[in-house]
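See structure below.
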Amino acid sequence: MFDRIQQFILGDEGQDYAPMFSINENDDPEEVIDIPNTLPLLALKNTVLFPGLVIPITVGRSKSKISIKKAYEGSKLVGVFSQKEINTESPSQEDLFQIGTVAKIVKLLKMPDGNTTAILQGKSKAELMGLTSTDPNLEGEVKALAKKKKPNNKEIKAMSASIRDMAKQIIELSPNIPTEAMIMLQNIKSDEFLMNFIASNLNIDVRGKQHILEITDTLAKGNEILKLMGKELDMLEIKDQIETKVRGNIEKQQRDYFLNQQLKTIQDELGQNPHAEELLELEAKAKEKKWGEAIQSHFDKEMKRVKRMNPQVAEYSIMMNYLDTLLQLPWEEYTSDNFDLKNVKSILDKDHHGLEDVKDRILEHLAVLKLKGDMKAPILLLVGPPGVGKTSLGKSIASALGRKYIRMSLGGLHDESEIRGHRKTYIGAMPGRLVQSIKKAKSSNPVFILDEVDKIGNSFRGDPSSALLEVLDPEQNHSFYDNYLELEYDLSKVMFIATANSLNSIQPALLDRMEIIRISGYSTEEKIQIAKKHLVKKQREEHGLKASHISISDKVLSAIIQGYTRESGVRSLDRQIAGVMRYVAKKVAMEESYNPKVKEEELKEILGHPKFKKDKYSKIKQSGVAIGLAWTSVGGDILFIEASTSKGKPALTLTGNLGDVMKESATTALSYIKAHAEELGVDPSIFENNSIHIHVPEGAIPKDGPSAGVTMLTALTSILTGRKVKSSLAMTGEITLRGKVLPVGGIKEKVLAAKRSGIKNILLCEDNRKDIEKINQEYLKGLEFIYVEQMGEVLEHALG
């Protein structure tokens, strides 16, 4: 607002102008004058003339020149109306606003460039009734608007005071407005003229000013002006805040720079430059490092760069962090291995029950290392269900070998930079998690656990599993390149142990670089031993109990395992034992009497009703139902397969969220039965008049694989012949159209799952006999194994 007060730019009709005071600014701005019926008209392009104001107008269009000349030679009155569109050169009545101002031509000035400038003084608001002539100039019938009687009340006075105050604030916040503007405002006494003067100077378009001109009520006009002034004031305040903040930041930077320069000069005079001291400290550390010539050369080169830098620049701190990282890494620093193999074996046996394959592999590596003196570390992959001790085994191995222990969880990792690091030019750059972990361990030969390697993700940021290819390749990891270090780091002495629940989601190239050791689930006997040696003691200590407070027998542990857990590992068992400890801790804390020896009958009170029933799956009371054995990522499980027939069009329906391989097994089994119907005692006509339905319960869980082939064959033959499957019999094996039974995997998990569920007899392929022989015979007590080669043998044993 008021930015036009200092301007006096003369242009075509209605261009920017400098409003002046009327000769009667102290009185009413709208005079009562005699207006002829017809007046020459002047069309303004981009402004509005308010009554009481004097403005200069440079007349450029020929019709406007004629109108001004006629008016000046006659009554000196001219009708001034604003155009609706600025680009209209020859306006008609529709192009003009109907409300305007009758103005008096105070003076005509001939300019040196030949143009004419008219000094106009607004006299009264008027309405354009119609045009009487458009050529050679605009003339029209103009009617003076009846002026409302001005209510001289306190409300209008208050309104004027508010407008003055706000105008004063706007002038103070606008550096381009001269201080004389305040004097001009103080000299205006008329409320109506003040509003016209402010409205004329508002920084709004023609339509906005025209709207104010057309308002007849003084209070309404004042409210509209105040609203527009408020918006302009808000904008100026925000602008002022931004400018103040920017100015303050610049001043602070200049002040800081000046003080830093002074401080630097003082420190130089006193010989106390902290930056020089830091560099000297880094060089002293570098002399103590036992690293290769290539690394020393690289360090010296980066040190020279830092010395040439101004400590105030941002890159200086980045380079100092980089050099500090280089010095903190354990280049060629190794811990001594424990070569007392018997001691190592005893530590591993003490910490973990079972897991013989892993323990033997570690001892073999140590034996070779002891004899040869130098050997690349093995890269092991422990695969097995959750809770069997894969991750904790790594800590035990590190303790037995006397090495540092590092664990890095890869679950959900989806950024390649987490492995290789970021280039140090990026803000916040840092080494990859591998290098960071080794820096933290302060040793270049730790035991490094890569946990959940099967759960690595990938995204647009790269594929972390591909970055691990270099890390886990014994032929390449002696020169692992980290993007932040920009140097090769030797990882060949690091003993990497990866863990996974399943091999299916691991990249084949990554899988090929690791030595796979499968860890099966625990049997009930193994779980009892683990509980006695580890879990009971751990939970007793965590709950603040002494050995005299509680005693849990093997019989009670067996009842907890069979009635309250159904898992391959021992995590759920650990939680149930913790529940028993809490029960006893409450008794001890409240000084209640109780029997320290926990009895089997008390488990119902302590842990609630048993969640699992041992003989739940052992009894089959109808035909068409057979029990299969399945392998899952969390261990083995029992699988019901149900078959039924119904009258109707011949068809085979399969339900239960089955995969393609499992569906093909069902089709193969049905084709075999049809081909050997007479031998099996099946009426061939049943296939022509009945539809067959096979269902596998727990339909929400996806199921796939060939191992259910013999179970589907048995269920179908059972329903078609009406013979029941023998009780306590479970089976697993793949079938072919030729009548062969093929071997399948996951035998230990499946056998242990069958035993947990109370199964007594297990039917397997003859080729799986070797897998049974690998299992500790102590865990197979109470189980009878039936080995077959032909599908006919399966039905003979299952159906009799």
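Does MET791 fit the bill of being among the hydrophobic types (A, V, I, L, M, F, W, C), farther than 30 Å from ALA559 by Cβ and at pLDDT 90 or above?
On the way: among the hydrophobic types (A, V, I, L, M, F, W, C): yes; farther than 30 Å from ALA559 by Cβ: yes; at pLDDT 90 or above: yes.
Criteria met by MET791.
Kindly indicate which of SER558, SER505 is in contact with a Ser or Thr (Cβ under 7 Å, 6 or more places away or on another chain), without any contact (Cβ under 8 Å) to a residue 60 or more places away in the chain and either closer than 23 Å to ASP771 by Cα or open to solvent by 20 Å² or more (accessible area, probe 1.4 Å) (or both). Steps first, answer last, please.
Numbers: SER505 fails: in contact with a Ser or Thr (Cβ under 7 Å, 6 or more places away or on another chain).
None of the others qualify; the one that does is SER558.
Considering only residues that are part of a helix (DSSP H, G or I) and open to solvent by 20 Å² or more (accessible area, probe 1.4 Å), look in the range 657-671 and name the one that is farthest from ILE701 (Cα to Cα). Show your work before the answer.
Taking the range 657-671 and keeping what is part of a helix (DSSP H, G or I), we get 660-671.
Restricting the remaining residues to those that are open to solvent by 20 Å² or more (accessible area, probe 1.4 Å) gives 660-661, 663-664, 667-668, 671.
Numbers: ASP660: 15, VAL661: 15, LYS663: 15, GLU664: 18, THR667: 21, THR668: 23, SER671: 27 Å.
Selected residue: SER671.
Looking only at residues in the range 128-137 that are of a type outside the set (Ser, Thr, Tyr) and touching a helix residue (DSSP H, G or I) at 6+ places or on another chain (Cβ under 9 Å), which one is most open to solvent (accessible area, probe 1.4 Å)?
So the first thing to find is which residues in the range 128-137 are of a type outside the set (Ser, Thr, Tyr), and the list is 128-131, 135-137.
From what is left, the residues that are touching a helix residue (DSSP H, G or I) at 6+ places or on another chain (Cβ under 9 Å) are 128, 130-131, 135-137.
Details: LEU128: 2, GLY130: 14, LEU131: 47, ASP135: 117, PRO136: 67, ASN137: 1 Å².
Step by step, filter the range 128-137, then rank; the result is ASP135.
Got at least one residue in the range 112-127 being within 30 Å of LYS227 (Cα to Cα), open to solvent by 20 Å² or more (accessible area, probe 1.4 Å), in contact (Cβ under 8 Å) with a residue 40 or more places away in the chain and among the hydroxyl-bearing types (Ser, Thr, Tyr)?
There is no residue in the range 112-127 that is within 30 Å of LYS227 (Cα to Cα), open to solvent by 20 Å² or more (accessible area, probe 1.4 Å), in contact (Cβ under 8 Å) with a residue 40 or more places away in the chain and among the hydroxyl-bearing types (Ser, Thr, Tyr).
So, in the range 215-267, exactly how many residues are in contact (Cβ under 8 Å) with a residue 12 or more places away in the chain, open to solvent by less than 80 Å² (accessible area, probe 1.4 Å) and either touching a Lys or Arg at 6+ places or on another chain (Cβ under 9 Å) or closer than 30 Å to VAL313 by Cβ (or both)?
3
For GLY411, state whether it is among the small types (Gly, Ala, Ser) and at negative phi.
Working: among the small types (Gly, Ala, Ser): yes; at negative phi: yes.
Considered against the rule, which asks whether it is among the small types (Gly, Ala, Ser) and at negative phi, GLY411 comes out as yes.
Could you check how many residues of the range 154-182 are out of contact with any Phe, Trp or Tyr (no Cβ under 9 Å at 6 or more places or on another chain) and among the β-branched types (Val, Ile, Thr)?
Number of matching residues: 3.
Taking VAL634, is it open to solvent by 50 Å² or more (accessible area, probe 1.4 Å), aliphatic (A, V, I, L, M) and modelled with pLDDT under 85? Break it down stepwise before answering.
Values: open to solvent by 50 Å² or more (accessible area, probe 1.4 Å): yes; aliphatic (A, V, I, L, M): yes; modelled with pLDDT under 85: yes.
Yes; evaluated as a whole, the condition is true for this residue.
On the basis of being aliphatic (A, V, I, L, M), open to solvent by 10 Å² or more (accessible area, probe 1.4 Å) and at pLDDT below 85, does LEU108 make the cut?
Values: aliphatic (A, V, I, L, M): yes; open to solvent by 10 Å² or more (accessible area, probe 1.4 Å): yes; at pLDDT below 85: no.
No: the conditions fail for LEU108.
State whether one or more residues within the range 351-358 are surrounded by fewer than 16 Cβ atoms within 10 Å (Cβ to Cβ) and either out of contact with any Gly (no Cβ under 6 Å at 6 or more places or on another chain) or under 15 Å from ILE397 (Cα atoms) (or both). So that I can check it myself, show each step before the final result.
In the first step, residues of the range 351-358 are kept if they are surrounded by fewer than 16 Cβ atoms within 10 Å (Cβ to Cβ); the result is 356-357.
Subset that is either out of contact with any Gly (no Cβ under 6 Å at 6 or more places or on another chain) or under 15 Å from ILE397 (Cα atoms) (or both): 356-357.
The answer is yes; a qualifying residue exists.
Please work out which residue is farthest from the chain's Cα centre (by Cα), limiting yourself to the range 408-422 and to residues that are surrounded by 22 or more Cβ atoms within 10 Å (Cβ to Cβ) and either free of Cβ contacts under 8 Å to residues at least 40 places away in the same chain or part of a helix (DSSP H, G or I) (or both).
Filtering the range 408-422 for residues that are surrounded by 22 or more Cβ atoms within 10 Å (Cβ to Cβ) and either free of Cβ contacts under 8 Å to residues at least 40 places away in the same chain or part of a helix (DSSP H, G or I) (or both), the one farthest from the chain's Cα centre (by Cα) comes out as ARG420.
Just give me the residues in the range 750-778 being closer than 21 Å to GLU789 by Cα and of a type in the set (Asp, Glu), in sequence order.
Correct list: GLU766, ASP767, ASP771, GLU773.
Would you call ILE438 open to solvent by less than 30 Å² (accessible area, probe 1.4 Å) and either modelled with pLDDT under 85 or of a type in the set (A, V, I, L, M) (or both)? Quick ask: steps written out before the conclusion?
On the way: open to solvent by less than 30 Å² (accessible area, probe 1.4 Å): yes; either modelled with pLDDT under 85 or of a type in the set (A, V, I, L, M) (or both): yes.
Spelling it out, ILE438 is indeed open to solvent by less than 30 Å² (accessible area, probe 1.4 Å) and either modelled with pLDDT under 85 or of a type in the set (A, V, I, L, M) (or both).
If only one of SER568, SER572 is out of contact with any helix residue (DSSP H, G or I) (no Cβ under 6 Å at 6 or more places or on another chain), part of a loop (DSSP other than H, G, I, E, B), open to solvent by less than 40 Å² (accessible area, probe 1.4 Å) and in contact (Cβ under 8 Å) with a residue 60 or more places away in the chain, which one is it? Reasoning before the result, please.
On the way: SER572 fails: part of a loop (DSSP other than H, G, I, E, B).
The match here is SER568.
What are the residues in the range 463-473 that are surrounded by fewer than 16 Cβ atoms within 10 Å (Cβ to Cβ) and either basic (Lys, Arg) or under 19 Å from GLU332 (Cα atoms) (or both), if any? Break it down into steps so the answer makes sense when it comes.
Taking the range 463-473 first, the residues surrounded by fewer than 16 Cβ atoms within 10 Å (Cβ to Cβ) are 466.
Selection gives nothing.
Looking at the range 465-472, can you tell me whether even one residue there is part of a loop (DSSP other than H, G, I, E, B) and either over 30 Å from VAL570 (Cβ atoms) or at pLDDT 80 or above (or both)? Working first, answer last.
First, pick out the residues of the range 465-472 that are part of a loop (DSSP other than H, G, I, E, B): 472.
Next, only the ones that are either over 30 Å from VAL570 (Cβ atoms) or at pLDDT 80 or above (or both) stay: 472.
Within the range 465-472 (the criterion being part of a loop (DSSP other than H, G, I, E, B) and either over 30 Å from VAL570 (Cβ atoms) or at pLDDT 80 or above (or both)), the answer is yes, since at least one residue qualifies.
Taking the range 587-614 as the search range and keeping residues that are under 43 Å from the mean Cα position of the chain (by Cα) and part of a helix (DSSP H, G or I), which one is surrounded by the fewest Cβ atoms within 10 Å (Cβ to Cβ)?
Step one: of the range 587-614, the residues under 43 Å from the mean Cα position of the chain (by Cα) are 606-612.
Those still in the list that are part of a helix (DSSP H, G or I) too: 606-607.
On the way: ILE606: 15, LEU607: 19.
Out of the qualifying residues, it is ILE606.
Go through (1) of a type outside the set (Phe, Trp, Tyr); (2) touching a Lys or Arg at 6+ places or on another chain (Cβ under 9 Å); (3) at pLDDT below 80 one by one and return the number of the condition LEU369 breaks.
LEU369 satisfies every listed condition except (2).
TYR484 versus (1) over 25 Å from the mean Cα position of the chain (by Cα); (2) of a type in the set (Phe, Trp, Tyr); (3) within 30 Å of ILE427 (Cα to Cα): which is the lone unmet condition?
Failed condition: (1).
What is the number of the single condition among (1) modelled with pLDDT of 85 or more; (2) crowded, with 22+ Cβ neighbours inside 10 Å that GLY394 does not meet?
Unmet for GLY394, out of (1) modelled with pLDDT of 85 or more; (2) crowded, with 22+ Cβ neighbours inside 10 Å: (1).
The values are calculated or read from the model by the stated rules, or taken from the named source; none is laboratory data. Source: prediction; values computed, not measured. In this analysis, Cβ positions are derived from the backbone assuming ideal geometry, glycine residues included, and neighbour counts consider all displayed protein chains. The area values use the complete protein model at the heavy-atom level, side chains included, leaving out ligands, DNA and RNA. Shrake-Rupley method; radii C 1.70, N 1.55, O 1.52, S 1.80 Å.
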